[in-house]
1. Cross-link partners among lysines for residue A:16, C-alpha distance below 28 Å, same-chain residues fewer than 8 apart left out?
2. Say a label goes 7 Å from Cα toward Cβ at residue B:25 in every copy; what distances in nm does this one have to the rest, shortest first?
3. Each residue of segment A:84-93 in order: what ³J(HN,Hα) in whole Hz does its phi give by Karplus 6.51 cos²θ - 1.76 cosθ + 1.60, θ = phi - 60°, with x for Gly and Pro?
4. Dipole of segment B:15-117 (Lys/Arg Cβ +1, Asp/Glu Cβ -1, origin at the Cα centre): which of B:67, B:108, B:47 lies farthest to the positive side?
5. Where the centre of each part is set by its Cα atoms, how far does segment A:67-101 sit from segment B:19-34, in angstrom?
6. Place the label 7 angstrom along Cα→C-beta at residue B:76 and in each other copy, then list the distances from the first to the rest in nm, shortest first.
7. When a footprinting reagent is the concern and you count Cβ atoms within 10 Å, what order do A:72, A:48, A:92 take, fewest first?
8. At residue A:73 and residue A:25, where each label point lies 7 Å from the Cα along Cα→Cβ, what is the point-to-point distance in nanometres?
2 protein chains.
Amino acid sequence: MSIAAQIPARFTLTVKDVATEAGVAPSAVRFYEQHGLITAHRTAGDQRRFDDSAACRIKVAKVAQRVGLTVREIADVFVTLPDDPEPQDWQRVAAVLIDEAEARTAALQAYLGEMLSGGRLCEIDDRIEVPNQGRG
Amino acid sequence: MSIAAQIPARFTLTVKDVATEAGVAPSAVRFYEQHGLITAHRTAGDQRRFDDSAACRIKVAKVAQRVGLTVREIADVFVTLPDDPEPQDWQRVAAVLIDEAEARTAALQAYLGEMLSGGRLCEIDDRIEVPNQGRG
DNA sequence: GCTTGACTTCAACATAAGTTGAAGGCCGAG
DNA sequence: CTCGGCCTTCAACTTATGTTGAAGTCAAGC
């Protein structure tokens with residue numbers, strides 16, 4: 001009987017493959033795996049093997065980072081994706097990411113709007129509260 | 001005749017004053033001055049003195065950072081503010097910041113939308129190009 | 001005019017997000 | 001079955017964004 005769990009057939013891509021596909025350095029691919037953005041299986045010789053979703057996750061992550069999401073925050077969203085996700089899973093993830101981006105933009109807009117409409121602009125009689133940036 | 005340029009009368013606030021007003025640590029106020037987000041005059045004894053706009057700039061910067069703008073990028077926008085800015089100057093700065101935030105959110109939305117509508121999701125037959133993230 | 005608290009600079013530390021290089025191991029093409 | 005290329009880990013380095021602490025200076029109240 002075989003002892004080791006076999007690697008699912010779709011996990012065929014090497015670090016280099018994923019890096020090339022995603023347009024990042026191989027070191028970044030390892031970094032993202034360490035930080036839970038992507039998941040690998042290991043060969044008998046301890047090498048990583050990824051499926052197609054790895055490059056995709058990385059590409060989404062790079063765009064998400066541009067709106068201020070950290071790798072940690074993005075990983076937290078991605079862990080909700082099942083193994084071999086359905087379209088609806090990606091749909092949900094997309095909604096979460098976009099909501100967050102829009103919320104942050106809205107916060108910026110609200111703060112600037114309040115500041116400008118206040119007339120006082122930057123006078124030091126604080127009626128404007130800077131929005132709570134709860135990271136937690 | 002006096003040799004040294006006098007500090008404009010409105011520059012009365014110490015590092016601590018600005019830090020308290022902006023809700024950040026004094027070390028951060030010095031950091032932001034080093035990086036051009038805010039400007040100080042110096043007393044005869046070499047101490048920084050800020051005007052009201054310093055705390056305001058910092059508060060705006062903190063919200064702008066949340067949408068992915070770096071200190072450098074924010075400073076680049078703030079340098080367009082004249083000394084003792086008019087409402088219209090802040091209006092323009094606000095517009096630039098919001099435009100940038102919306103552009104980044106739109107890029108995220110576009111990428112996710114294309115990915116989801118493509119049907120293939122994360123299949124490796126790249127018709128989806130990850131949006132160009134030109135920094136600079 | 002002294003004390004005390006806030007100021008100064010500078011260097012070291014911390015965390016996030018990676019990159020680079022060394023030392024060695026895996027694997028597929030010939 | 002060997003060779004070259006990609007793989008592994010690990011530690012050190014980099015940049016961005018700050019914080020912390022040391023050593024010394026300034027300024028405001030008593």
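What follows is calculated from the coordinates using simple rules that are stated; it is not laboratory data. Keep in mind it's a predicted model, so treat the numbers as computed, not measured. Cβ: placed from backbone, ideal geometry, glycine included. Neighbour counts: every protein chain shown.
1. A:59, A:62
2. When each copy's label point is compared with this one, the spacings are 2.9 nm.
3. Per-residue couplings from phi come out as 6, x, 7, x, 5, 5, 5, 4, 5, 4 Hz.
4. Value computed over the given set: B:47.
5. Spelled out, the Cα-based centre of one part sits 34 Å from the other.
6. Taking the point 7 Å beyond Cα along Cα→Cβ, the inter-copy spacings are 2.9 nm.
7. Working: A:72 11, A:48 19, A:92 15.
Ranked by crowding around the Cβ, least crowded first: A:72, A:92, A:48.
8. 2.5 nm
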